[in-house]
Amino acid sequence: MVQAKILPSTVQSLNVTVQGAPDDRLQSGKVTLVQNSTNSRRLRVYYSVVHETPGRLRLRVPYLKEDAEYAQRLLSLIEADKYVTSVRIKPAAASLTVTYEPNFGNAALMRAHIGHIIQAATDVAVLKTKKALPKEEESKIPSWKFSLLSATLAVLGGPLGLSISPLLTASTIALATLPVAKRAFSAIYNERKFNIEFLDFMAIAITTVQGQFLTPALMLGLIEIGENIRDRTARSSAQQTLDLLASLGQFAWVERDGEKVQIPIEEVEKGDTVIVYPGEQVPVDGTILRGQALFDEQKLTGESMPVNKREGQTVYASSLVREGQIYIVAERVGNDTCVGKSIELMQQAPVHDTRMENYAAKIAEKAVVPTLLLSGTVFALTRNPARAASILTLDFATGIRVCVPTTVLAALTYAARRGILIRSGRALEQLASVDTIVFDKTGTLTKGEIGVTQVRSFNPEVSANYVLALAATAEMRLTHPVAEAVVRHAEQEQIDFLTREKWEYQLGLGVEAIIDGKLVYVGSERFLRQEDVDMSALDALEERPASAIFVATNGELQGIIEHSDVVRPESKKVVQSLLTVEGIDVHMLTGDNKRTASAVAAELGISPKNTHAEAFPEQKADVVRQLHSSGKTVAFVGDGVNDSPALAYADVSVSFANGSDIARETADLVLMNNDLQGLLEAIEVARKAKQLIQQNTSIIAVPNLAALVVAAIFGLNPLTATVVNNGSTVVAGVNALRPMLKSAE
């Protein structure tokens, strides 16, 4: 139990130590200032509600990012609260997610209740952070221990012939059977149907009453093994998403009453004039009132090249101002921004079943009622409960429930040892059926960074290396991505830098510099034409480069430096293999312009009709949804914040270990080696696992069906039936471990 020392001024609302109704002051969504005798001005903790559903509350608490000790205190106190069932805190995202008992009351009351704890955590000294178990769980012994005990007693009192009390053995079997009985009668009560657990329960009950303890003990052991493996391969149904708005920072500068003031970002309102300085992220969607700046929109659009924007143009939240200063009129704030809509898209995405859906289990479920009828008929004709129990034992569902999860677990383990993290059995199943893969371009098919692809000289007396030296010298110490790429390329080529006497950078255009006594211009075509540079050499080209900067000295064009977002070395091979070997349809999505997108698609061999350019996050999600609606099983591969909605809507979502936090959280499959070759390996693992499951189903079904015929016509001892049933299960289980054994080689 958490032991907390509450200072005299602490709000009296914590169930762990004091009782009291939540304070109405917290209805406004922020904690007010409280005075105490030891601290004249107490810390004020702001929070805002990000998402709310019955029984679940997600808040943004900026102070979590500032004080790790506060985050730990808050976690301990909320964990100890009697109304809270689970809590998750992510300090880096300033995110607090709480699930609570639905019978607590209305949502507003819980918001206020948690608000008191958020404030109280500033003054609470946590002495111990172990959460107390509910009374009913403190004395609970796991069911697998009863299964193990019953099996031990059955063996000692059966084959080994020791004197073991039948009552003791029967009692342990009864206790171990409770979970099976609970699942069986829950299905009858809630779903109005008999399930596999009901067959198991009946067979265990009949054989136990007859004193054949070894049979039910073995059945219980296998059932418990299957359930534990199934749980290990399950994916949590609670969708774990990060607060995208947390990446925008905690505060924003606004102009009010002629003064610049800094306010919490959640207090920015429509119509406010927001000021954004170099190195800051835009906190709202809006229009530039005055100023110009160079924007990095890669988080939102995936566009790798910064964009220069000026008065009258639209800017979006999460864009980074690399250079310049702007004043924006706020038009959309908070969840209404483009990045906020991404959050809503993710929250609306379907949450899939946590266990692998396979045809064999469904067939087994359908066989329950016929098996019961056959068992009842045999008993009515023979009056022999042992023969009836044999038929119930030969349901072959137990074997399926063991071998399918075991195959999945083995495949997941094998993949993990190959650097491929597959989060669930469902993801493995879907991956085996994928017929369409959608790639994000920037950072996925490409490296996500600008690189120099070619340096060309237009003057026979000037070498390409000298053109590069001029450009690198002019652009030294600039933070523009292209400038950094040029300098980096010059260093890699071991080019000697020249002497720069003076220089001037013009935002969105380029650099004017004096280098070795020459007037040098390095920048865009518009910049050089504006400075009356002779561009006849460029005009003579039959094909203009897609992306380039131009280098001129003393009024004449000397050369160009072409650049692009460099394609990953393995991308072309992977795409071609998917198209030709696997027969999978490949699409590419990007926020880049159509010209750039088409060039990359052509290089990789992706069809123009499958190339989608200038796509914002919601448009990426729409493409995935449309493909899914047309009957395709879609995998989406992406690594950025802008990819997260599409990742959430895909049948299988794939990301990289070095991708954004939100992409990794959303992805079903993470390529830990940051290499697209892992995707091909993952597909191969998934398809082999599916084949293995089909093989194991045959191993179980054939002998059990044969034994079922024998039991119905001639009769079969329950222990023999159990040996057939369990024997086929063991064989299938060992066969299911093949991927895991292979990974250990």
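The values are calculated or read from the model by the stated rules, or taken from the named source; none is laboratory data. Since the model is a prediction, treat every value here as computed from it, not as a measurement. Cβ coordinates were reconstructed from backbone atoms using ideal geometry, including for glycine residues, and neighbour counts include every protein chain displayed.
Brief remarks follow.
- All conditions in (1) modelled with pLDDT of 80 or more; (2) within 21 Å of the chain's Cα centre (by Cα); (3) not in a strand (DSSP E or B) hold for residue 57, with the sole exception of (3).
- Subset of the range 652-667 [out of contact with any Asp or Glu (no Cβ under 9 Å at 6 or more places or on another chain) and not aliphatic (A, V, I, L, M)]: 661, 665
- Residue within the range 490-507 that is under 26 Å from residue 599 (Cβ atoms), surrounded by fewer than 22 Cβ atoms within 10 Å (Cβ to Cβ) and hydrophobic (A, V, I, L, M, F, W, C) present: no
- Residue satisfying condition, being modelled with pLDDT of 85 or more, under 30 Å from residue 586 (Cβ atoms) and buried (at least 18 other Cβ atoms within 10 Å of the Cβ), within set 434, 486: 434
- Residue selected from the range 589-607 under the condition among the small types (Gly, Ala, Ser) and touching a residue at least 40 places away in the same chain (Cβ under 8 Å), by the criterion surrounded by the most Cβ atoms within 10 Å (Cβ to Cβ): 591
- Pairs with Cβ under 6 Å, 6+ apart, first in the range 503-514 and touching a residue at least 40 places away in the same chain (Cβ under 8 Å) and of a type in the set (Ser, Thr, Tyr), second surrounded by fewer than 19 Cβ atoms within 10 Å (Cβ to Cβ) and assigned to a strand (DSSP E or B): none
- Of all the criteria given as (1) under 28 Å from residue 683 (Cα atoms); (2) part of a helix (DSSP H, G or I), the one not satisfied by residue 376 is (1).
- Qualifying residue in the range 572-583 (condition: aliphatic (A, V, I, L, M), more than 24 Å from the chain's Cα centre (by Cα) and in a helix (DSSP H, G or I)): yes
- Selection status of residue 300, touching a helix residue (DSSP H, G or I) at 6+ places or on another chain (Cβ under 8 Å), among the hydrophobic types (A, V, I, L, M, F, W, C) and either crowded, with 19+ Cβ neighbours inside 10 Å or at pLDDT below 85 (or both): yes
- Among the candidates 708, 716, 692, residue that is in contact (Cβ under 8 Å) with a residue 24 or more places away in the chain, buried (at least 18 other Cβ atoms within 10 Å of the Cβ) and assigned to a loop (DSSP other than H, G, I, E, B): 716
- Pick from the range 306-322, criterion farther than 20 Å from residue 619 by Cα and assigned to a loop (DSSP other than H, G, I, E, B), ranking: modelled with the lowest pLDDT: 306
- Number of positions in the range 515-530 that are in contact (Cβ under 8 Å) with a residue 24 or more places away in the chain and assigned to a loop (DSSP other than H, G, I, E, B): 1
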